[in-house]
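See structure below.
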């Protein structure tokens, strides 16, 4: 084999090995992007469900407040017979208690059990108090996972482009051109790998 042929064979072997390594990095990156992309969708859905729950409790609270206010007007206007005032007063106290409970429930749904403190736990999840993850917590998690997804996307972009550079270098004949494209593959692959590592580091906060 001539020196030229041996040199070309060595380059092809080195380039092929580099391509294989970078393709493996891309596969690992895509695996992470898929997993945390699914987690982001779940977080957005949970956030939407929590805000719907919060609004439903708000509607119930408004209805009870309306009942209490009407009852108060009736009592103040002396429309209710005197013998029924005591019973109506008890009913108003019950309504006030319900309103207070709805306020606590809404706060726990919005902020989460951990944020409101054990003394304000009123909602049960799986039969246990203090297990509610708040709408704001889901919102923050969805936003953070979105940032992780963006970093994975940048890594994917650089890794895919680097593989194209590597494939081009394999079909070129001139040493200068193929070395240039090989160098671009290595540089772009290195950048993509760094972004992939950064994405996994960001995602580490979610376990």
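The values are calculated or read from the model by the stated rules, or taken from the named source; none is laboratory data. Just so it is clear, the model here is predicted, and its values are computed rather than measured. Cβ: placed from backbone, ideal geometry, glycine included. Neighbour counts: every protein chain shown.
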Tell me the residue from 59, 161, 109, 70 that is in contact with a helix residue (DSSP H, G or I) (Cβ under 6 Å, 6 or more places away or on another chain) and surrounded by fewer than 19 Cβ atoms within 10 Å (Cβ to Cβ), please. 161
What are the pairs, 6+ residues apart or on separate chains, where a residue within region 89-118 that is at negative phi and without any contact (Cβ under 8 Å) to a residue 24 or more places away in the chain has its Cβ under 7 Å from a residue that is buried (at least 18 other Cβ atoms within 10 Å of the Cβ) and assigned to a helix (DSSP H, G or I)? 107/116; 116/108
So, in region 124-156, exactly how many residues are at pLDDT below 90 and touching a strand residue (DSSP E or B) at 6+ places or on another chain (Cβ under 8 Å)? 1
Of the numbered conditions (1) crowded, with 17+ Cβ neighbours inside 10 Å; (2) under 30 Å from the mean Cα position of the chain (by Cα); (3) under 28 Å from residue 186 (Cα atoms), residue 53 fails exactly one; give the number of that condition. (3)
Could you list all residues from region 75-84 that are surrounded by 14 or more Cβ atoms within 10 Å (Cβ to Cβ) and part of a helix (DSSP H, G or I)? 75
List every residue pair whose Cβ atoms sit under 7 Å apart, with the two residues 6 or more apart in sequence or on different chains, where the first one lies in region 3-17 and is closer than 16 Å to residue 163 by Cα and the second, anywhere, is modelled with pLDDT of 85 or more and surrounded by 10 or more Cβ atoms within 10 Å (Cβ to Cβ). 11/178; 12/170; 15/166; 15/169; 15/170; 15/182
Residue 130 is checked against (1) surrounded by fewer than 20 Cβ atoms within 10 Å (Cβ to Cβ); (2) touching a helix residue (DSSP H, G or I) at 6+ places or on another chain (Cβ under 8 Å); (3) on the phi < 0 side of the Ramachandran plot and fails just one. What number does that condition carry? (3)
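Quick grid of which residues meet (1) under 30 Å from residue 28 (Cβ atoms); (2) free of Cβ contacts under 8 Å to residues at least 40 places away in the same chain:
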residue: 126; (1), (2): no, yes
residue: 137; (1), (2): yes, yes
residue: 141; (1), (2): yes, no
residue: 145; (1), (2): yes, no
residue: 158; (1), (2): yes, yes
residue: 162; (1), (2): yes, no
residue: 168; (1), (2): yes, yes
residue: 200; (1), (2): yes, no
Within region 74-122, restricting attention to residues that are at pLDDT 85 or above and more than 43 Å from the chain's Cα centre (by Cα), which residue is farthest from residue 134 (Cα to Cα)? 90
Within region 165-188, can you find the residues that are surrounded by fewer than 13 Cβ atoms within 10 Å (Cβ to Cβ) and farther than 14 Å from residue 18 by Cα? 171, 173, 174, 175, 176, 177
